[in-house]
1. Just checking, which of Arg324, Arg317 is charged (D, E, K, R), within 23 Å of Phe340 (Cα to Cα) and touching an Asp or Glu at 6+ places or on another chain (Cβ under 9 Å)?
2. Do we find that Ser439 is hydroxyl-bearing (Ser, Thr, Tyr), crowded, with 16+ Cβ neighbours inside 10 Å and in contact (Cβ under 8 Å) with a residue 24 or more places away in the chain in this structure?
3. Identify all residues within region 482-519 that are of a type in the set (Lys, Arg) and either closer than 27 Å to Thr424 by Cβ or without any contact (Cβ under 8 Å) to a residue 40 or more places away in the chain (or both); write none if there are none.
4. Any chance you could count how many residues in region 464-481 are touching a residue at least 60 places away in the same chain (Cβ under 8 Å), more than 18 Å from Gly437 (Cα to Cα) and not in a strand (DSSP E or B)?
5. Can you find, within region 463-473, the residue that is farthest from the chain's Cα centre (by Cα) among those that are surrounded by fewer than 15 Cβ atoms within 10 Å (Cβ to Cβ) and over 11 Å from Leu498 (Cβ atoms)?
6. Considering only residues that are within 16 Å of Lys468 (Cβ to Cβ) and surrounded by fewer than 16 Cβ atoms within 10 Å (Cβ to Cβ), which ones fall in region 488-508?
7. Going by what's in this entry, would Val461 be described as free of Cβ contacts under 8 Å to residues at least 60 places away in the same chain, touching a helix residue (DSSP H, G or I) at 6+ places or on another chain (Cβ under 9 Å) and of a type in the set (A, V, I, L, M)?
8. When you look at Gln460, is it under 31 Å from the mean Cα position of the chain (by Cα), open to solvent by 50 Å² or more (accessible area, probe 1.4 Å), farther than 23 Å from Gly380 by Cβ and not basic (Lys, Arg), yes or no?
Amino acid sequence: MLVRHMLKRARIAVVGVAALFAFAAQAHAATVYEVKGDRLVRTNDPNVPTADGLPSPAGRCTPPATSPLPAAVHGAAAKTVRGSVRRAFLDGRITREQNDQWRHDYMDARSARKRLSGLRRSELGAVISTLERIAARGQLTSGRMPILFLQLEHNTDFWSHKPIPPAGVIHPDPCAQAFAKKSAPTRISFPGSQLIWQWYPGNGLQIQPLANFGKANGMWTACDGPPNPKHPCEADKLRQLLDELVAAGARRGTFTAWEYYFPFSGGSPPWISGLTTGTAIQALARGTKLFGDPKYLNTARDALGAFDTSPPTGVLRQVEGGSRYLEYSFAPNLFIVNGFLQGLIGLHDYAAIAQDNHAEALYERGERVAARDVPRSDTGAWSLYSLGGAESDLNYHRLLRDFLNVMCTQTQKSVYCDTAKNFTQDMLTHPKLSFAGPSVARRGRPTAVHFTLDKISCVQVRITRGGKTAYFKRTSYGHGRRSVTWVPRAAGRYTVQLEAADLGNHHTRASGTISVRSR
């Protein structure tokens, strides 16, 4: 049935996705700081995605990892890091060498924290604190220990001896903060390893599964396509990366998962992402296709359980007529469209390579819902980042457009093809802006000055009388009917001057007048 049809179109579909990753890799080589001795050497890796990929779903800063433990896990009954390791050893789940090494690594990290101060102390302390919280909840399982203690070891060494890399800063201007090109994430690599780590300020260095599987896809593209001197195939490095990623997977419920181990916008670690899982099974299936090693495909098959399991363990949300796959396992009511589509793209490519009927069924159930969700993500002038939520920033608008083009290639459905065209056109059109009143106001009384806007823009509102400015505000607004509050200080006729600049820096102006009466 559909599997056979998918296999017929598999080659063109996989090439379509590969082209997307190839374009991104070649046009936007990401900065990675390689640890060499006690130095950081800045390099540009054409395989590593440039974007973070996991923005804050609530638009808030990450809660500090050093916040107090809940009362339920305090006291003698609380599980400890050393106790968890020892129990795993006594139960035969880890070796004596692992027991001795990880207990030593933990004590070494605690000793290093005491010697450090300032930023170094707080970053290492955050990693230690999060590890302790995971242990206190009984979640420091033997399957998670290898990657968590490797992460602890890297952070202890890094914050004790290495230079502090640059980190992104928040611009004080509200429009620049919303619209300026985002600072590139700070990515780190260590000698002898292909894994990518990312500095999340306030949470230390963290394994970044999405960046790593994105890197694997970029490396696969170089090996699967025609030779390119600017983007050579590095098969040995790709195999090493895939082997390290297989080892980094943890048992989560009944399936293998690549977890995130830091608190994030209300989510407590460990949590997972449907977007990341889709990218993971895609990259692993491609690894088996390239190398003929069934280990990668078997690991991908074992990871499918994330799409079968409801949150907070998995990413499945069953809805009428099918399924949605969540970007964040801790946010069951947040439906991020670009992450959903990439999860489907990963399922499609895995199913085509593995000839897996179960993955095909998961894809079908999700695709039926995606076809309904995609029109709901289109405001008519821009894309929504999440259903019922705010609009996408420029990077995520483009990413969603690109994923829609892949879905268009895979399905030939107009809902994906036409919406992709619409989103491309949206990046070329000027915002629509108009003054919406009032025409009359009273001196000394707060007055809501209204305007309408068709897409996310930086809006400047200036109210003048006799050439003098009586009010000025500049900030970002989403689409719809918006307003600012102004208190007129004197009677007279005022001019309202509006200017909107969208994310592509297309400007539109509008104006109106308000008569202010003394009573």
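The values are calculated or read from the model by the stated rules, or taken from the named source; none is laboratory data. Keep in mind that this is a model prediction, so the values were computed, not measured. Cβ: placed from backbone, ideal geometry, glycine included. Neighbour counts: every protein chain shown. We work out accessible area using only protein heavy atoms, side chains counted, and drop any ligands, DNA or RNA first. Shrake-Rupley method; radii C 1.70, N 1.55, O 1.52, S 1.80 Å.
1. Sole residue among the options that is charged (D, E, K, R), within 23 Å of Phe340 (Cα to Cα) and touching an Asp or Glu at 6+ places or on another chain (Cβ under 9 Å): Arg324.
2. no
3. Arg482, Arg493, Arg509
4. Residues that pass the stated criteria total 1.
5. For region 463-473, the residue satisfying everything is Gly466.
6. Passing the criteria: Arg489, Ala490, Gly492, Arg493, Thr495.
7. no
8. Working: under 31 Å from the mean Cα position of the chain (by Cα): yes; open to solvent by 50 Å² or more (accessible area, probe 1.4 Å): yes; farther than 23 Å from Gly380 by Cβ: yes; not basic (Lys, Arg): yes.
Answer is yes for this residue.
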